[in-house]
Amino acid sequence: MQKKTIFWGVLAVVALAFPLVIRSPYYQHLVIISLMWVIIGSSWNLLAGYTGQVSFGHAIFFGVGAYTAGLFPIHLGLSAWWGMLTGGIVSMLVALFVGWVCFRLRGPYFALATLAGGEIVRLIATNWESLTEGMVGILIIQTFKSKLPYYYIVLVLAVACILVIERIMKSKWGYYFVSIREDQDAAESMGINTTLYKNISLLVSAFFTGMAGAFYMNYMAFIDPEVVFSLHFISIMAILVGIVGGVATIWGPAVGAFIMVGLQETFRSSFFGLAPKWISQAHALAFGLLVIFVIMYLPNGIVGDWATIKRLVFRTRRTAG
Amino acid sequence: MDVFIQTIVSGILIGGIYSMIGIGMTLIMGVMGIINLAHGQLMMVAMYITFVMAHFFHVDPYLSLLVAMPALFLLGAFIQKTLLNPLIKVESILPENQVLMTVGIGMVLTEIARFIFSSDYKTVKTSYSSSAIFIGKISFNVPMCIAFGFALFFTALLFWFLLKTDLGRSIRATAQDSEAATLMGINSSRITVITFGIGSALVAAAGVLLMPIFYLFPDIGGAFTLKAFVITILGGLGSTVGAIVGGIVLGVAESLGATYIGMGYKEMVGFVIFVLVLIFLPGGLKRLTKI
Amino acid sequence: MALLEIKNLTKSFRGLTAVNNVSFEVHEGEIVSLIGPNGAGKTTIFNCINQFFPISGGDIIFRGKSLKGMKTHKICRLGIGRTFQVVKPLKRMTVLDNVTASSFCRINSIQDARRKALEILEFCHLLDEKDKLARSLPIGGRKRLEIARALATDPKLLLLDETAAGLNPSELDEAIDLIRRIRETGISILVVEHIMKVVMTISDRIHAINFGQTIAEGAPEEVANNKAVIEAYLGEKHA
Ligand SMILES: Nc1ncnc2c1ncn2[C@@H]1O[C@H](COP(=O)(O)OP(=O)(O)OP(=O)(O)O)[C@@H](O)[C@H]1O
Ligand SMILES: [Mg+2]
């Protein structure tokens, strides 16, 4: 008990003090992006890991959140910060429709329907130029010069997201979600309205992902459909964050987010300039290889397979010593 | 009126090729129960093979069928054997890991192509690339017609194979009930490897046939994967006849969309049909035809 | 008035009529057994009662309400609990969590749901297993878990689909005892069972079907000695 309190205390201090100690904007940026992925990954995990409805289309909610924020300045002349809460809410509305269509399908077909949904929304955003400016994208002026405010905003969001999900998973909803994942027919016969609870899971997931999208708009100050509705770099990335860290664990996606953003950056920067330049061109290739590797060898992620990893490390150490 | 007929004709011609793409995916779907999201990327590989053959060795694209199809058969079989089959034993909370694996494979193929050939557009010019036959005011693009003919031929060949050969029957048995098939002594892991090979060879043929008409770049695979996936859902999962109809429907719908709504929305037509099918006709066209 | 009334129930799958014009009733406090050879349509009747699929004809009335077209989870809330012949444990949840999830049917707070789950686990002799993952249970335990989960929804009527199949003799006696104790709590039970020892000891009445049609109905001895029933079972053995 004591140990746990100390651990969380230290973690909290580190999280709060980080940008004050590490002044490099580059590292601050990486951590901000990682925290954003903590939100997306955790939300995806609520729907996929806990409820068993694997979404290949979380870019829908991320992109809709981002565009909701972006539309405030270009159409209403208001600050994009208005999009934070509204982005989450509009994402939920979109999720309502996505759920209505996609939950007719089970298992892999659900996954693919969400994938198609993501592509549809991307094409709409690309072609509906009067609303979205199409391929040109939306450019706004950042509110803050310093990264500090962004850091604390996204930190609060990430912590709130994890806490909410943790609470949900300890309540009736959580039990229902996992029951649905384990056996939908059994769940129905236990009196669980599976359609309703799948939708609830989807809505919560979409809300936080939409908020993350709105944050992205505010922070990066530029979006276009190819970026925020990207299949590979949003939808698949969300899956990877979840899987690498560990699906159906509270902290898995958080761990996964830091690892994935770290890896991505390592490749993008050619191992921080240590490796030859061409490596940076291979970062998408590395990404694909990583997908294959993780599915093969870490299907339950670092947190989920932690016991196995520990055992393996332990055993090799023992044989070594 | 002429415009309309012209639109329909082009739609059907391209639809024939779509059918072939869709059948390959449907076959894999039926036997393995997964949707292969690297399908279009496999086609892209076949197209680059054709490109290399034509550009460096001056081989006529249609002759490349003899190279591209076996090559893709092997590539598909290799993927199934080394990457997908082992996953059956991997225990994970998410049952979709095979599908996700194909996404990873698709990305790797695309990026390797980009590495070798860069993102530039490539074309294979032939003397007949833009020639056309006219019947009345309606033009029939020659390579399109050839491609359509080949598509019919390969589809017929596939049906003969599935219906008349022992191997084909084993594949159908596995698709219907893999457990029962295993009990009957069919080696299901071998069947999946062969099926993935055949599906890949079919989509390779489609790629080769498209090469004289289309331009080629690494990301073309993704677009075709999505088309194949829409066709598969449209046709009713796992139904080969449904996939043929689905391919034609998609071809015609895209063609109509491009003519009457605008080029930008052409890609979206397929998805809109897809959503409509999900809402109003779950089970796809199979529901209507009962095949 | 009967608790459950099956009226001319018919169910066909693409030409195959699995249940054909079957009618029977279950009264308050009764244990009724539904017997018949393999493939007779017993499980299909269960699946019709809780509307896993739409019925093709006839009607099912529970406490005066037609269940036709109702959603499965609503039927559970109305007071029909069921078990599955091919057990469906929520594999990667603990035994306690399996039953807790089910208890939420009538209870909203986690503490109460867990308390209730513990009571039911004790009732079903599963308390020692409570922290095990459901998938690690042997078949006997899984069958009891099915019952525990159904009980947690506070059913008025319990549908048991071959809960004694695959059990060893001592487990069998325990199962019979469990079914009796359930009845004592005031729950009516419809049992599908092949093991005649179980059927004969627990049933108040038996309804026998073959090829989806009723072949006999009545008190246990009557039905057991009925010619059509004996033929149906013998015929099956000869085949
Ligand atoms: N979902 C389904 N689709 C098609 N046919 C079905 C379906 N469910 C059951 N059947 C058929 O209905 C018939 C009755 O099956 P059912 O499972 O009800 O038998 P049962 O009496 O429970 O047999 P058993 O004692 O073996 O459990 C069988 O011929 C079976 O093949
Ligand atoms: Mg049965």
Contacts under 8 angstrom Cβ, first residue in the stretch A:145-158 being of a type in the set (Gly, Ala, Ser), partner in a helix (DSSP H, G or I), 6 or more apart: A:Ala158/A:Leu35; A:Ala158/A:Met36; A:Ala158/A:Val38; A:Ala158/A:Ile39; A:Ala158/A:Ser42; A:Ala158/A:Ala254
When C:Asn108 is evaluated against the numbered criteria (1) without any contact (Cβ under 8 Å) to a residue 40 or more places away in the chain; (2) farther than 14 Å from C:Leu159 by Cα; (3) within 16 Å of ligand 1 (Cβ to nearest atom); (4) within 14 Å of chain A (Cβ to nearest Cβ), which criterion, by number, is the only one it fails? (3)
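Take the residues in the stretch A:151-170 that are under 30 Å from A:Arg23 (Cβ atoms) and open to solvent by 30 Å² or more (accessible area, probe 1.4 Å), then tell me which one is farthest from the other protein chains (Cβ to nearest Cβ). Write out each step before concluding.
Initially, the stretch A:151-170 is screened for residues under 30 Å from A:Arg23 (Cβ atoms), giving A:151-163.
If we keep only those that are open to solvent by 30 Å² or more (accessible area, probe 1.4 Å) as well, we get A:152-153, A:156, A:159-160, A:163.
Details: A:Tyr152: 33, A:Ile153: 31, A:Val156: 27, A:Val159: 23, A:Ala160: 21, A:Leu163: 17 Å.
Across the stretch A:151-170, the extreme among qualifying residues is A:Tyr152.
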Filtering the stretch A:69-108 down to residues that are within 14 Å of chain B (Cβ to nearest Cβ), more than 10 Å from A:Ala206 (Cβ to Cβ) and surrounded by fewer than 23 Cβ atoms within 10 Å (Cβ to Cβ) yields A:Phe97, A:Trp100, A:Val101, A:Phe103, A:Arg104, A:Leu105, A:Arg106, A:Gly107, A:Pro108
Here are the criteria: (1) open to solvent by 10 Å² or more (accessible area, probe 1.4 Å); (2) assigned to a helix (DSSP H, G or I); (3) touching a helix residue (DSSP H, G or I) at 6+ places or on another chain (Cβ under 6 Å). Tell me which single one B:Val59 does not satisfy. (2)
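Could you please let me know if A:Ile40 is surrounded by fewer than 24 Cβ atoms within 10 Å (Cβ to Cβ), within 15 Å of the chain's Cα centre (by Cα) and modelled with pLDDT of 90 or more? Write out each step before concluding.
On the way: surrounded by fewer than 24 Cβ atoms within 10 Å (Cβ to Cβ): no; within 15 Å of the chain's Cα centre (by Cα): yes; modelled with pLDDT of 90 or more: yes.
Answer is no for this residue.
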Among the residues of the stretch B:87-103, are any more than 10 Å from chain A (Cβ to nearest Cβ), assigned to a helix (DSSP H, G or I) and open to solvent by 20 Å² or more (accessible area, probe 1.4 Å)? yes
Filter result for B:Val108 (within 14 Å of chain A (Cβ to nearest Cβ), within 20 Å of the chain's Cα centre (by Cα) and either farther than 19 Å from B:Thr195 by Cα or of a type in the set (Ser, Thr, Tyr) (or both)): yes
In the set C:Leu145, C:Leu159, which member is open to solvent by less than 10 Å² (accessible area, probe 1.4 Å) and within 16 Å of ligand 2 (Cβ to nearest atom)? C:Leu159
Considering only residues of the stretch A:171-195 that are open to solvent by 20 Å² or more (accessible area, probe 1.4 Å) and more than 7 Å from chain C (Cβ to nearest Cβ), which is farthest from the chain's Cα centre (by Cα)? A:Gln184
Can you tell me which of (1) closer than 20 Å to C:Ile35 by Cα; (2) open to solvent by 70 Å² or more (accessible area, probe 1.4 Å); (3) in contact with a helix residue (DSSP H, G or I) (Cβ under 8 Å, 6 or more places away or on another chain) is the one C:Lys132 doesn't meet? (1)
Please work out which residue is farthest from the other protein chains (Cβ to nearest Cβ), limiting yourself to the stretch C:180-190 and to residues that are surrounded by fewer than 23 Cβ atoms within 10 Å (Cβ to Cβ) and either within 16 Å of ligand 2 (Cβ to nearest atom) or of a type in the set (A, V, I, L, M, F, W, C) (or both). C:Ile182
Matching entry among A:Ile259, A:Ile236 (being farther than 26 Å from A:Phe72 by Cα, hydrophobic (A, V, I, L, M, F, W, C) and within 14 Å of chain B (Cβ to nearest Cβ)): A:Ile236
Looking at C:Ala165, C:Ala101, which one is hydrophobic (A, V, I, L, M, F, W, C) and away from chain A (no Cβ under 14 Å)? C:Ala165
Consider the stretch A:20-37. How many of its residues are open to solvent by 30 Å² or more (accessible area, probe 1.4 Å) and among the polar types (S, T, N, Q)? 1
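A quick yes/no check of all residues on (1) surrounded by fewer than 21 Cβ atoms within 10 Å (Cβ to Cβ); (2) at pLDDT 90 or above; (3) over 21 Å from C:Asn21 (Cβ atoms); (4) within 13 Å of the chain's Cα centre (by Cα):
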| site | (1), (2), (3), (4) |
| --- | --- |
| C:Ser170 | yes, no, yes, no |
| C:Val192 | no, yes, no, yes |
| C:Val198 | no, no, yes, no |
| C:Arg205 | yes, yes, no, no |
| C:Ala224 | yes, no, yes, no |
| C:Val229 | no, no, no, no |
| C:Tyr233 | yes, no, yes, no |
| C:Ala239 | yes, no, yes, no |
Identify the residue in the stretch C:14-62 that is free of Cβ contacts under 8 Å to residues at least 60 places away in the same chain, open to solvent by 60 Å² or more (accessible area, probe 1.4 Å) and more than 9 Å from ligand 1 (Cβ to nearest atom) and, among all such residues, is nearest to C:Asp161 (Cα to Cα). C:Glu25
Please work out which one of (1) open to solvent by less than 70 Å² (accessible area, probe 1.4 Å); (2) within 20 Å of the chain's Cα centre (by Cα) is the condition A:Ala17 fails and give its number. (2)
Among strands (runs of 3 or more DSSP E) completely within the stretch C:29-108, the ones holding 1 or more residues that are within 16 Å of ligand 2 (Cβ to nearest atom), over 20 Å from A:Ser179 (Cα atoms) and among the polar types (S, T, N, Q) are C:31-35
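Given the criterion in contact with a strand residue (DSSP E or B) (Cβ under 6 Å, 6 or more places away or on another chain), in contact (Cβ under 8 Å) with a residue 24 or more places away in the chain and crowded, with 23+ Cβ neighbours inside 10 Å, identify the matching residue among A:Ile243, A:Ile223.
Details: A:Ile243 fails: in contact with a strand residue (DSSP E or B) (Cβ under 6 Å, 6 or more places away or on another chain).
Selected residue: A:Ile223, the only one of A:Ile243, A:Ile223 that is in contact with a strand residue (DSSP E or B) (Cβ under 6 Å, 6 or more places away or on another chain), in contact (Cβ under 8 Å) with a residue 24 or more places away in the chain and crowded, with 23+ Cβ neighbours inside 10 Å.
If you check C:Lys74 against the conditions, is it away from ligand 1 (no atom under 12 Å from the Cβ), of a type outside the set (Ser, Thr, Tyr), free of Cβ contacts under 8 Å to residues at least 24 places away in the same chain and within 11 Å of chain A (Cβ to nearest Cβ)?
Yes, satisfied.
The values are calculated or read from the model by the stated rules, or taken from the named source; none is laboratory data. As the structure is a computational prediction, the values presented were derived from the model and not from experiment. Here Cβ is always computed from backbone atoms with ideal geometry, including for glycine, and neighbour counts include all displayed protein chains. Ligands, DNA and RNA are stripped out before the accessible areas are found, and what is left, the full protein with its side chains, is counted by its heavy atoms. Shrake-Rupley method; radii C 1.70, N 1.55, O 1.52, S 1.80 Å.
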